[in-house]
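The values are calculated or read from the model by the stated rules, or taken from the named source; none is laboratory data. Everything quoted here is computed from the prediction, not taken from an experiment. Here the Cβ is made from the backbone with ideal geometry for all residues, glycine too, and neighbour counts use every protein chain on show.
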Amino acid sequence: MFGLITQDVIDGAMDYATYVAMVKQLVEGYRTAGSEGRDIKHQMTGVNYETILDLERSVILEKETINLLQRQHSELVWVFITEPWCLDSANALPVIHKMAELNSNIELKIVLKSAPPYIIESFPTNNSLSTPKTISLDKFSLITWGTWGPRPEPLQAIVRIWLKDMSKEEKEGDSFQVLHYQKLIREWFKRDATKTMQAEMVKSLLH
């Protein structure tokens, strides 16, 4: 695909350190992007910030992941679309950051789903604008080579089943079901220890 993400979008995007600093500021200011006040999104942002810091310390890249990353010679830009309150994003971003750090041919850029020009609309997942979504682009032509997200496929299959049984109000609120499923998702990520994400990301994002 060509032309869905422009150079202006990339130039205006955040690097990893800037994004993490923004999330910290949101947590400390008791607000989250697009919302005011200490609501469920703020609470999730606080949890996610701690998740990001924890994974920064604990993520270990698999040998196969390292080998494939080191063989990437063409220059890529990985655009990571997210929101600070997104649970899946918090578990994925430190992994993809560590992967990009390993190869100077890969540049990681981060944009908010809620910010113009709303590039998430060009990359839906099963008719849903779910985050995170990572887009791998050729650095010079900006041709899209691949995408990954919003979550590892085994977990995505489980979430699809859960969502079928929930109403729109339950999905968007802080219902018992939502909080329960968030707990199960965190437990899944902890058990998997980022292994599935790494395998899927190198397959989908390298060229």
Give me the pairs, please: first residue somewhere in the stretch 112-135 and closer than 19 Å to residue 90 by Cβ and surrounded by fewer than 19 Cβ atoms within 10 Å (Cβ to Cβ), second residue anywhere and modelled with pLDDT of 90 or more and not β-branched (Val, Ile, Thr), beta-carbon distance under 6 Å, and either six or more positions apart or on two chains.
125/150
Flag if residue 167 is surrounded by fewer than 21 Cβ atoms within 10 Å (Cβ to Cβ), at pLDDT below 90 and of a type in the set (Gly, Ala, Ser):
yes
In the stretch 88-111, residue surrounded by the most Cβ atoms within 10 Å (Cβ to Cβ) [restricted to those that are closer than 19 Å to residue 11 by Cα and of a type in the set (Gly, Ala, Ser)]
100
Are there any pairs with C-beta distances below 9 angstrom linking a residue in the stretch 19-41 that is within 16 Å of residue 89 (Cβ to Cβ) to a residue that is in a strand (DSSP E or B) and at pLDDT below 55, with the two at least 6 apart or on different chains, and if so which?
41/35
